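Undergrad: Dropping the structure in here first, questions after.
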Amino acid sequence: MRKPASILFATIALCALTGAARAETSGPLRFDGSKLIVRDVIGEVKVTVDPAAKGVTVSIDADAEEFPLLSARAGEGSVVIARSRPPEKNRRDWNVQDNNVVISVTLPRGTAIQVDDMIGKLAVGDLDGALTATIRAAADIQTGRLTSARIDVAGAAGIRTGDIAGKLDLTIAGAGDVDIGTVRQGADISIAGFGNVDIAGIKGPVSVRVGGVGDVDLNNGDVDMLDIAVSGMGSVVFDGQARDRRINSSGLSSVRVNGKKIAG
């Protein structure tokens, strides 16, 4: 049974304040580019996927303190939305007021999205493009359909996506709560921190490595190779057909295939 992704990890660092108002607006600005890059933004990014769009349009709505730190520009085939000062990793008061930074983007279907860290929320419709995300701070990312996904969580993140037509590469070294649709061309999953991963359906070769505290649920599987190595306090559950498998488990770990516990 597929469970909804929790946004606990992403929102644990977000604290709503009162008294500040949005004061500055820029856009809509239009750019040409086949990739959107979001870098070090603190706030909310809303992406509308429009099959009829001829380019990427960006509007920035922010309070007087954040507005001068934000920019949108085009270069080398990409559109980059960036904050000039990266989030300070040694601070405990990463404060994101409700709506004090809202960045609205419209782009064509098939555009790739790359997230180079952020604090806040990213919401995307059915992109039918590639997603690459590296989260070192705290983020909540929700998307529709993707062609592929490469996600690296070293901070805290809640991730939810629709179906992925290609491959999923997922690494969690921090804390992650991940809920994925059907993955059609295999997955490499590694958890060294604390992670919960639920995949609604999986095809192709699958590799799972759990060395920290993590639960991985793989549902409706139809895979050529099921390769699982679990130690520590991890558990992996696979339901479906695996034509070949290689399973190693140790410590307090647990691996179940179609309801049956497999000894490592």
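Undergrad: In region 179-204, what residues are closer than 22 Å to residue 140 by Cβ and assigned to a loop (DSSP other than H, G, I, E, B)?
TA: Within region 179-204, 192, 193 qualify.
Undergrad: Hey, can you tell me all the residues within region 167-211 that are touching a Lys or Arg at 6+ places or on another chain (Cβ under 9 Å) and crowded, with 24+ Cβ neighbours inside 10 Å?
TA: Result: 168, 170, 177, 178, 180, 183, 187, 189, 191, 199, 202.
Undergrad: Something else now. Just name the residue that is nearest to residue 31 (Cα to Cα) out of those in region 107-161 that are basic (Lys, Arg) and touching a residue at least 24 places away in the same chain (Cβ under 8 Å).
TA: First pass over region 107-161, keeping only residues basic (Lys, Arg): 109, 121, 136, 145, 150, 160.
If we keep only those that are touching a residue at least 24 places away in the same chain (Cβ under 8 Å) as well, we get 109, 121, 136, 145, 160.
On the way: 109: 15, 121: 23, 136: 28, 145: 23, 160: 28 Å.
Applying the filter and picking the extreme gives 109.
Undergrad: Is it the case that some residue within region 226-235 is in contact (Cβ under 8 Å) with a residue 40 or more places away in the chain, surrounded by 19 or more Cβ atoms within 10 Å (Cβ to Cβ) and either not acidic (Asp, Glu) or not in a strand (DSSP E or B) (or both)?
TA: yes
Undergrad: While we're looking at this one, here's another question. I'd like to know if region 25-48 contains one or more residues that are touching a strand residue (DSSP E or B) at 6+ places or on another chain (Cβ under 6 Å), at pLDDT 95 or above, part of a loop (DSSP other than H, G, I, E, B) and surrounded by fewer than 16 Cβ atoms within 10 Å (Cβ to Cβ).
TA: No, there is no match, as no residue in region 25-48 is touching a strand residue (DSSP E or B) at 6+ places or on another chain (Cβ under 6 Å), at pLDDT 95 or above, part of a loop (DSSP other than H, G, I, E, B) and surrounded by fewer than 16 Cβ atoms within 10 Å (Cβ to Cβ).
Undergrad: Then there is this: Cβ-Cβ under 9 Å, sequence separation 6+ or interchain: first residue in region 67-82 and in contact (Cβ under 8 Å) with a residue 12 or more places away in the chain and surrounded by 15 or more Cβ atoms within 10 Å (Cβ to Cβ), partner of a type in the set (Lys, Arg) and outside any strand (DSSP E or B). Which pairs?
TA: As it stands, the answer is 69/85, since those pairs meet every condition given.
Undergrad: I've got another one for you. Looking only at region 153-171, which residues are more than 10 Å from residue 130 (Cβ to Cβ), assigned to a strand (DSSP E or B) and either hydrophobic (A, V, I, L, M, F, W, C) or under 8 Å from the mean Cα position of the chain (by Cα) (or both)?
TA: Scanning region 153-171 gives 153, 156, 157, 158, 159, 160, 168, 170.
Undergrad: Now a separate question. When the residues of region 49-66 are filtered to those that are of a type in the set (A, V, I, L, M) and crowded, with 21+ Cβ neighbours inside 10 Å, which remaining residue is farthest from residue 103 (Cα to Cα)?
TA: Among those residues, the one meeting the criterion is 49.
Undergrad: Only one residue in 129, 110 is out of contact with any strand residue (DSSP E or B) (no Cβ under 6 Å at 6 or more places or on another chain), more than 23 Å from residue 66 (Cα to Cα) and modelled with pLDDT of 95 or more. Which one?
TA: Of 129, 110, the one residue that is out of contact with any strand residue (DSSP E or B) (no Cβ under 6 Å at 6 or more places or on another chain), more than 23 Å from residue 66 (Cα to Cα) and modelled with pLDDT of 95 or more is 110.
Undergrad: Sticking with this one: For region 233-252, does any single residue satisfy the condition of being modelled with pLDDT under 95, small (Gly, Ala, Ser) and under 19 Å from residue 158 (Cβ atoms)?
TA: No, because not a single residue in region 233-252 is modelled with pLDDT under 95, small (Gly, Ala, Ser) and under 19 Å from residue 158 (Cβ atoms).
The values are calculated or read from the model by the stated rules, or taken from the named source; none is laboratory data. Just so we're clear, the structure is a prediction, and the values are computed from it rather than from any experiment. When we count neighbours, we look across all protein chains shown, and the Cβ atoms used for this are built from the backbone with ideal geometry, even at glycine.
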